Amino acid sequence: MIGVIVVGGGPTGLMLAGELRLHGVHVVVLERLTEPTGQSRGRGLHARSVEMMDQRGILDRFLAVSEKFQVGGLFGGIVKPWPDRLDTAHPYGLATPQPETERLLTERALELGVEIRRGCDVVGLSQDEHGVTVELAGGGTSAPDVAAGGFSDSGTPAAGGAGGGGARLRARYLVGCDGGRSTVRKQLGVGFPGEPATVETLLGDMEVSEDRETIDAVVAEVRKTQLRFGAIPDVDGNEGLYRIIVPADGVAEDRGTAPSLEEFRQQLRAVSGTDFGVHSPRWLSRFGDATRQAERYRVGRVLLAGDAAHIHPPTGGQGLNLGIQDAFNLGWKLAAAVAGWAPEGLLDSYHSERHPVGAAVLDNTRAQITLLGTDPGATALRELFTRLMDIEEVNRQVTEMITAVGVRYDVGEGHENGEGHENGEGHELLGRRMRDLQLKQGRLYELMHQGRGLLLDRTGGLSVAGWGDRVDHVVDATEELDVPAVLLRPDGHVAWVGTDQRDLHRRMTTWFGAPVD
């Protein structure tokens, strides 16, 4: 039987598949599209996502095709200098075209042995106490370097090969990473409450006839009152190609239908008085401010991640990052369930940890949409918030929120009370991700490439005996760590701080299951 089926081959699904393969899980990714779209909607990695790529040893690949940026706030169209004292060794984001992100994550997945099958449209699923069965409209085709062919319930090649219709696959678990219109979520019957779109924006890459100086002048004037307007030159290094952003005339009945070039021209003329001579579009799209979140991220053996679990406006560039971070949280937990060592409640902690994070992102995008408004109240609010962002502490907190370096999970040790206790109970580090540290034997993140837990021990008197197959023990007297020892989960979040071996055993049992004699 297949270990995990991942439905959806975008950044979230590919990141999750790679995380699962680090732990030896047999993963099959089912992607509806036969080829990547090439559309670059998500155009960057925030600091926390940069950290994750470093933790898995693939950051250099992203640095090779990306430009670093440091924009503090980046909130509701308000741009301020990067704040000081941001708690990360990677105080920057990466401007990475989404096709490049998908290409790099696909390469990593294939290197690890993930099976990616394109042209597979999931049309039904059912589950029982032993696994999940999916029904496909077509058998699909394999990605390069991956053997073709369907799979039987046992995980062996099924008759009919890759091109057959009505194929069925069976796996122990399934994760829907299939976007805002998720078939998996609908098949599960999970509610998706929230607000429908009230405004819509047109977005596309196209060439222009107008000269750059004129375009820059028009954009500068229009953006004095309309921040949902822009013309970005030389998109993804393509000279002469512009990314055009302009408010739509109302909300389309069918948002799945792409706008026409003529619709772009009409809206450009209506908003700015000129259409810039746009022509030769590469792709055209529309997005709204609909904001919704799945009521549950897990139903039995089926889970949801990325846009299948939450949708929101793209303000702040958080969507792609939020999905990747879902995958980073879920991967090791789901792998533990497949391997059989997951302690009680570990897999459920995916929902309890990530659902509040998703809800917080939805709230901050709601606030940003308000700031982007053109009515007098929104204008006054934006002017006030712009002044507040000049305060360093406000700028830092907003930046930590947008970049996700401020995310803190409830790891069950009473950290919400903010009080310090012996053996680290309630310690301020608990639940936070650990920044990269320079150790005597290298960098901390270099030691986390395999996705295992890690005990960073300054005392030399602790042990991970019994958990050595799941947790690495690093004895290092680094001065960059101002506590005696910390236990890190595979996602880099702190699960324990202290010196007491018995207390450490208790926490390792909580997060890494029973010890092995």
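A few notes on this one:
- Cα gyration tensor category, rounded, prolate or oblate, for segment 263-412 with a/c compared to 1.5: oblate
- Dividing the helix sum by the residues of the chain, where each DSSP H run of 4 or more adds -39500 (n - 2.57), gives a mean residue ellipticity at 222 nm of -9000 deg cm²/dmol.
- Beta-bridge orientation, the chain: approximately 70 percent antiparallel, per DSSP, counting only bridges with both partners inside.
- In terms of the mean number of neighbouring beta-carbon atoms within 10 Å, the peptides 221-228, 197-204, 464-471 order highest first as 197-204, 464-471, 221-228.
- Helix 392-403 and the longest principal axis of the Cα set of the chain meet at an angle near 80°.
- Global form of the chain, assessed from the alpha-carbon gyration tensor, a/c cut-off 1.5: oblate
- Helix axis angle, 376-388 relative to the chain longest principal axis, alpha carbon, degrees: 50
- Amide H within-cut-off set for Ala89, under 5 Å, with H built and near neighbours excluded: Asp436
- Packing, taken as the mean count of other beta carbons within 10 Å per residue, orders the peptides 241-253, 171-183 from highest to lowest as 171-183, 241-253.
- Each of the peptides 345-351, 373-379, 115-121, 7-13 was scored by the mean count of other Cβ atoms within 10 Å over its residues; in descending order, highest first, they stand as 7-13, 115-121, 345-351, 373-379.
- Dipole magnitude of segment 199-288 about its Cα centre (Cβ charges: Lys, Arg +1; Asp, Glu -1), debye to nearest 20: 300
- With θ taken as phi - 60° and the Karplus curve 6.51 cos²θ - 1.76 cosθ + 1.60 applied, the whole-hertz 3J(HN,Hα) list for segment 96-112 is 10, x, 4, x, 5, 4, 5, 4, 5, 6, 5, 4, 5, 4, 5, 4, 7 Hz, x standing for glycine and proline.
- Scanning residues 5 or more positions from Ala167 or on other chains, those with amide H under 5 Å from its amide H are Leu136, Gly138, Gly139, with H placed 1.01 Å from N in the peptide plane.
Computed from the coordinates by the stated procedures, all read-outs in this text should not be read as laboratory data. It should be emphasised that the depicted structure is a prediction, and the values quoted were computed from it without experimental measurement. Don't worry about glycine lacking a Cβ; one is built from the backbone with ideal geometry, like all the others, and counts go over all protein chains shown.
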